[in-house]
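J.: Could you have a look at this structure, given as structure tokens, before my questions?
The values are calculated or read from the model by the stated rules, or taken from the named source; none is laboratory data. Please read these numbers as outputs of a predicted model, since none were measured by experiment. As a convention, Cβ positions derive from the backbone with ideal geometry for all residues, glycine included, and neighbour counts pool all protein chains shown. Protein only, heavy atoms only, side chains kept; ligands, DNA and RNA dropped before computing areas. Shrake-Rupley method; radii C 1.70, N 1.55, O 1.52, S 1.80 Å.
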Amino acid sequence: MFLRMVLGAVFRQKSKMFMIAFTVALGVSLSTAMLNTMLGVGDKVNQELKTYGANINVVPKDASLLGDLYGIGDETGAERSYLDESKLGNIKTIFWAFNIVDYTPYFNTTVQVNGNAEQTRLVGTWVKHHMDLPTGESVDTGMQHLKSWWEMNGEWLDEADSDGVMVGSIYALRNNLSVGDKLELKSNALTKTMVVRGIFSSGSDEDQYIYCVLPVAQAFAGKENVVSSIEVSALTTPDNELARKAAQNPLSLTVKEWEVWYCTAYVSSICYQIQEVVPDSVAKPIRQVAESEGDILNKTTLLMVLITVLSLLGSALGISNLVTAAVMERRTEIGLEKAVGASNGRIIGTILTEIMLTGVIGGVAGYFVGLMLTQLIGFGVFGSAIPPAAMVIPIVALLIFFVTLLGSIPAIRYLLHLNPTEVLHGK
């Protein structure tokens, strides 16, 4: 009987109930899209930011100490300690290996170019390097991935090209160089003629350097199987108090704090794990990059939360007006129910059941529309799908309940003050 009364009331006011369901659906669809995007956007935003360079720098302990104490480092061109090149594959074996997007080593030395007495920095690196790991996996990484935003005139070096170089735009301009020109590079260990394969523009000091493949730079310095530094691009979680505490001194953490920190992709925990697998190294976050990533993610999340809250408030206001109008239209019916003995609680329960039923129908429809909006955002902004988060379903269910209840409050207040005598007598 109760259900028949509820369904009858819904069908008698189907136009208003449709508008209530439509209002709920609008709010829920936007909330679903924002919540799914918020929960799935972290890695995608991080992935987008990775295209703009590394956020971790790995150097030998001695070089790090000199830099910290005296402010000198690779720019001196006289590194006295190196990292073991054969250990570089270990970086992809740490706990957060899948968060390591790209990395590449650098070996810095100086050479004379075309008989000029002035020393020019020559940087050896992996350009597009394939590596088979002890775990059986294979990795393709290198500077071409890490520096994908560089503007290149000509072509990137091939990993097997021992006769080619890439020169920075500033160096090329100063020396009137073009793609295809030949350079004679000379050091104490080697003299060799190289061909300019490409001229790059990075927008930084790198535009003054010459780049070649790693073994060639090592040969000019008379070294083997060593690198000066490593740049790592990793997907990270924005820092919080725990991460900042660990960054200052990991040993100050309790056992529980240590487990949480070590098993969370903070930039400090990834740095710590890199140091564990690369002997005699110090891994440091490039703070300007790491902190900017965290700020962007936090602000993006805050923006989506605000959009969700505002959309729900808008839905609540719309529901409030529609429910109040529907109740006022039925005031004679409600007054008659009160006159024959129906309590306020029973009448309010009936009205709320009608509104909740309508809200659930609108909410279900809005959820699926929200999933479509999520994918539109994913493909439109990031070029890939955003997987639906299971935890959004209970959140949306709670939101439907609270928004519908909030929107019904003015109508409930009207019902409580409704006098059946006045209504039935037309006053």
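J.: Pick from the stretch 127-149 the residues that are open to solvent by 10 Å² or more (accessible area, probe 1.4 Å) and of a type in the set (A, V, I, L, M, F, W, C): which of them is nearest to the chain's Cα centre (by Cα)?
T.: Among them, the one singled out is Trp149.
J.: Sticking with this one: Please state which of the following conditions Lys245 fails to meet, knowing it meets all the rest: (1) open to solvent by 50 Å² or more (accessible area, probe 1.4 Å); (2) under 27 Å from Asp140 (Cβ atoms); (3) outside any strand (DSSP E or B); (4) in contact with a Ser or Thr (Cβ under 8 Å, 6 or more places away or on another chain).
T.: All conditions pass for Lys245, except number (2).
J.: Select, from Ser228, Ser233, the only residue that is at pLDDT 90 or above, buried (at least 23 other Cβ atoms within 10 Å of the Cβ) and of a type in the set (Ser, Thr, Tyr).
T.: Among Ser228, Ser233, only Ser228 is at pLDDT 90 or above, buried (at least 23 other Cβ atoms within 10 Å of the Cβ) and of a type in the set (Ser, Thr, Tyr).
J.: Mind checking which residues of the stretch 187-225 are of a type in the set (Lys, Arg) and either at pLDDT 95 or above or surrounded by 21 or more Cβ atoms within 10 Å (Cβ to Cβ) (or both)?
T.: Arg197 - this is the single residue of the stretch 187-225 that is of a type in the set (Lys, Arg) and either at pLDDT 95 or above or surrounded by 21 or more Cβ atoms within 10 Å (Cβ to Cβ) (or both).
J.: State all residues of the stretch 400-417 that are at pLDDT 75 or above and either open to solvent by 40 Å² or more (accessible area, probe 1.4 Å) or farther than 14 Å from Ser315 by Cα (or both); if no residue qualifies, say none.
T.: Across the stretch 400-417, the qualifying residues are Phe401, Phe402, Leu405, Leu406, Ile409, Pro410, Ala411, Ile412, Arg413.
J.: Can you tell me which residue is modelled with the lowest pLDDT among those in the stretch 418-427 that are crowded, with 17+ Cβ neighbours inside 10 Å and part of a helix (DSSP H, G or I)?
T.: Val423
J.: With the requirement that a residue be assigned to a helix (DSSP H, G or I) and either crowded, with 17+ Cβ neighbours inside 10 Å or modelled with pLDDT under 70 (or both), what does the stretch 10-21 give you?
T.: The answer is Val10, Phe11, Arg12, Lys14, Lys16, Met17, Met19, Ile20, Ala21.
J.: Can you pull out the residues in the stretch 362-398 that are at pLDDT below 80, of a type in the set (A, V, I, L, M) and in a helix (DSSP H, G or I)?
T.: Val381
J.: Still on this structure, I have one more. Collect the residues in the stretch 369-389 that are surrounded by fewer than 18 Cβ atoms within 10 Å (Cβ to Cβ) and of a type in the set (Gly, Ala, Ser), keeping them in residue-number order.
T.: Gly380, Gly383, Ser384, Ala385, Ala389
J.: Still on this structure, please answer the following. For the structure I just gave you, tell me whether Ala316 is assigned to a helix (DSSP H, G or I), without any contact (Cβ under 8 Å) to a residue 60 or more places away in the chain and of a type in the set (Gly, Ala, Ser). Break it down stepwise before answering.
T.: Details: assigned to a helix (DSSP H, G or I): yes; without any contact (Cβ under 8 Å) to a residue 60 or more places away in the chain: no; of a type in the set (Gly, Ala, Ser): yes.
Taking the combined requirement at face value, the residue does not satisfy it.
J.: Looking at this structure, is Ala397 of a type in the set (A, V, I, L, M, F, W, C) and surrounded by 13 or more Cβ atoms within 10 Å (Cβ to Cβ)?
T.: yes
J.: Identify the residue in the stretch 22-56 that is aliphatic (A, V, I, L, M) and farther than 23 Å from Leu312 by Cα and, among all such residues, is modelled with the lowest pLDDT. Spell out the reasoning first.
T.: We begin by selecting, within the stretch 22-56, every residue aliphatic (A, V, I, L, M); these are 24-26, 28, 30, 33-35, 38-39, 41, 45, 49, 54, 56.
Adding the requirement that they be farther than 23 Å from Leu312 by Cα leaves 45, 49, 54, 56.
Values: Val45: 61, Leu49: 57, Ala54: 75, Ile56: 90.
Residue satisfying both the conditions and the ranking: Leu49.
J.: Which count do you get for residues in the stretch 183-229 that are out of contact with any helix residue (DSSP H, G or I) (no Cβ under 8 Å at 6 or more places or on another chain) and either at positive phi or among the β-branched types (Val, Ile, Thr) (or both)?
T.: Residues that pass the stated criteria total 7.
J.: Hey, can you tell me all the residues within the stretch 248-261 that are surrounded by fewer than 17 Cβ atoms within 10 Å (Cβ to Cβ) and not acidic (Asp, Glu)?
T.: Gln248, Asn249, Pro250, Leu251, Ser252, Leu253, Thr254, Val255, Lys256, Trp258, Val260
J.: If a residue has to be without any contact (Cβ under 8 Å) to a residue 12 or more places away in the chain and either basic (Lys, Arg) or open to solvent by less than 70 Å² (accessible area, probe 1.4 Å) (or both) to count, how many in the stretch 150-182 make the cut?
T.: Here the count works out to 1.
J.: So in the stretch 110-158, with the set limited to residues that are modelled with pLDDT under 85 and among the hydroxyl-bearing types (Ser, Thr, Tyr), which one is nearest to Val196 (Cα to Cα)?
T.: This residue is Ser148.
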